[in-house]
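Here's the structure, in structure tokens; my notes come after.
Bear in mind these aren't lab numbers, they're just calculated from the coordinates by the rules spelled out. Keep in mind it's a predicted model, so treat the numbers as computed, not measured. Glycine also receives a Cβ, built like all others from the backbone with ideal geometry; neighbour counts cover every protein chain displayed.
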Amino acid sequence: MAGILVTNSEGTPGVGRTAEMLAAGAGGLDAIEAGIRLVEADTSIRTVGRGGWPNLLGEVELDAAMIDGNTFRSGAVGALKGFLHPITIARQVLEQLPHEMLVGEGAARFAREIGAATSDNLIPDSERVWREWFAANVSEEDREKWPDVPLADLCQQAIDPEKGMDTTVFLSLDEQAEIMAGVSTSGWAWKYPGRLGDSPIIGAGCYADSRFGAAACTGAGEMTIRAGTSRAIVLYMKMGLSLEKAVDEAIDDLRQLRGGLIQRVTIHAIDKTGAHRVVAVNATEQLTYWLWREGDDAPHAEPVELVAL
Ligand code: ASP
């Protein structure tokens with residue numbers, strides 16, 4: 001077993017910090033939380049935390065989750081508004097509550113209760129793009145009644161926002177041979193208010209089991225929720241499949257989905273031996289991810305394997 005850290009390219013602001021902490025013997029949950037906090041606070045990452053894209057109403061709603069692969073305790077928050085570090089609030093759900101997930105006003109209430117840092121997450125550039133969209137797409141009549149208008153048709157545009165969607169995902173196997181995962185996102189730009197993606201859904205957006213491995217997904221959360229992708233990969237490994245084959249099976253599961261918003265997904269997976277695989281399904285460009293292995297001086301970027309459905 002050799003320690004390993006895999007993050008996607010959105011993890012850039014935090015991957016170095018997480019790797020340093022793992023190299024110094026920190027536990028995976030602490031190291032992942034510290035790294036994701038840096039991503040959430042970095043406004044150049046437009047799909048995570050402050051600087052993330054807003055929903056249809058121009059409000060930034062954030063989702064995040066962590067899972068401890070030893071105890072299977074998880075903590076998730078969804079559709080959270082007004083806080084800088086959803087990953088820390090998710091961690092505290094894991095640490096303090098007899099629940100696994102809080103959403104919306106309840107998540108915000110808990111965040112206030114633990115003294116979490118507040119933040120205006122809609123940065124001026126996101127507001128500008130949203131206002132341009134609003135001006136071009138919302139009818140005169142609806143503008144007068146806004147926001148009390150039907151949003152169902154407008155939310156079809158969440159399929160093709162200006163800058164799309166993404167998430168940051170972190171998977172670690174630490175010095176204690178413990179496997180952990182954490183994810184954080186603003187979800188799809190122009191999503192229906194209250195929409196949860198896969199990130200806060202344990203088993204869809206991420207899963208970890210220190211006996212076998214971990215997986216986390218980015219891309220169309222609607223797909224990985226339907227296929228239970230992250231849990232499936234770990235379960236396939238439990239049933240004896242190699243990491244390689246487990247990911248192949250999960251891709252085959254995605255291939256079976258019919259109807260709905262079939263788009264792109266990137267799967268990140270590690271196993272207990274320190275092996276890993278990162279595959280993008282239906283990607284329109286070459287993607288990279290960050291890899292750090294015990295003994296490496298620093299994380300380095302690797303090309304993502306591309307597969308078409
Ligand atoms: N999976 C995220 C979601 O569906 C978005 C993404 O990673 O692209 O909210």
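Identify all residues within the stretch 285-309 that are in a strand (DSSP E or B) and either free of Cβ contacts under 8 Å to residues at least 40 places away in the same chain or loosely packed, with under 15 Cβ neighbours inside 10 Å (or both); write none if there are none. Within the stretch 285-309, T288, H300, A301, E302, P303, E305, L306 qualify.
So is T284 away from the ligand (no atom under 16 Å from the Cβ), over 30 Å from G104 (Cα atoms) and polar (S, T, N, Q) or not?
Criteria not met by T284.
Restricted to the stretch 181-276, the set of helices (runs of 4 or more DSSP H) holding at least 2 residues that are more than 10 Å from the ligand (Cβ to nearest atom) and of a type in the set (A, V, I, L, M) comprises 229-238, 243-255. Scanning the stretch 240-259 turns up no residue that is within 19 Å of the chain's Cα centre (by Cα), charged (D, E, K, R) and surrounded by 17 or more Cβ atoms within 10 Å (Cβ to Cβ). When the stretch 82-99 is filtered for residues that are assigned to a helix (DSSP H, G or I) and over 13 Å from A65 (Cβ atoms), the ones remaining, listed by number, are E95, Q96.
I'd like the full set of residues that are more than 20 Å from the chain's Cα centre (by Cα) and either surrounded by 13 or more Cβ atoms within 10 Å (Cβ to Cβ) or part of a loop (DSSP other than H, G, I, E, B) (or both), limited to the stretch 100-111. Talk me through it step by step, then tell me what you get.
Start the filter on the stretch 100-111 by keeping residues that are more than 20 Å from the chain's Cα centre (by Cα), which leaves 105-106, 109-110.
Answer for the stretch 100-111, where residues must be more than 20 Å from the chain's Cα centre (by Cα) and either surrounded by 13 or more Cβ atoms within 10 Å (Cβ to Cβ) or part of a loop (DSSP other than H, G, I, E, B) (or both): G106, F110.
Let's see how each residue does on (1) without any contact (Cβ under 8 Å) to a residue 60 or more places away in the chain; (2) on the phi > 0 side of the Ramachandran plot; (3) hydroxyl-bearing (S, T, Y):
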{"position": "P86", "(1), (2), (3)": "no, no, no"}
{"position": "L122", "(1), (2), (3)": "no, no, no"}
{"position": "S126", "(1), (2), (3)": "no, no, yes"}
{"position": "V138", "(1), (2), (3)": "yes, no, no"}
{"position": "W146", "(1), (2), (3)": "yes, no, no"}
{"position": "V149", "(1), (2), (3)": "yes, no, no"}
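Within the stretch 60-81, the residues that satisfy the criterion of being in a loop (DSSP other than H, G, I, E, B), away from the ligand (no atom under 15 Å from the Cβ) and of a type in the set (D, E, K, R) are R73, K81.
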